[in-house]
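First up is the structure itself, then whatever we jot down about it.
Bear in mind that the values in this text are calculations on the coordinates, not laboratory data. Given the structure is predicted, the values throughout are model-derived calculations rather than measurements. Cβ placement follows ideal geometry from the backbone for every residue including glycine, while neighbour counts extend to all protein chains displayed.
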Amino acid sequence: MSLVELSRPRVEQDWQSRGFSCGLWVDPPGQVWEDYVHDTDELVMVLEGELELEMSGKTFRPTIGEEVFIPAHVTHSVRNVGGTTAKWLYGYKEA
C-alpha cells in the first residue's frame, strides 16, 4: 500500500470540507478516457501508477499525491500511460 493510500482518509476529509466527493477509480494499463466534460468542478489525485491528463490544450503527468483541479465545462482526457494498474481519487463539487 502506498503512502498516499494510507493518507486517503485525510484527503477525503479535506475534499469533503471543500465541498467535493471522493471516490476511488482503478484503471488497467492502457485505459483511456477521452474528451469528457462535466457540469461541475472535479479534483483528481494519483495514488498509484502513471496517469497523463490533457485539458485546455495542455498535457501533463501529475506525480503521486499531486492534486489536479479540472474546472467545470472544460474538456479533459485521462490516460493510464504506465505499464501497471493506476489508482486515482476523483471528486466532484457537490451542489
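The table below lists the values:
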read-out	value
Ordering of 58-67, 77-86 by burial proxy (mean other Cβ atoms within 10 Å per residue, highest first)	77-86, 58-67
Test item: Cα-centred dipole of the chain, Lys/Arg +1 and Asp/Glu -1 on Cβ, debye	180 debye
Peptide ranges 42-49, 24-31 listed from the most packed, as the mean C-beta count within 10 angstrom indicates	42-49, 24-31
Relative contact order computed over the chain (Cα-Cα under 8 Å; 6+ residues apart), in percent	40 percent
Selected from TRP33, SER77, TYR90, residue furthest toward positive end of dipole (the range 3-92; charges at beta carbon)	TYR90
Identified option (computed semi-axes √(5λ) of the Cα gyration tensor in Å; candidates [x] 19, 19, 10; [y] 19, 15, 12; [z] 24, 11, 11)	[x]
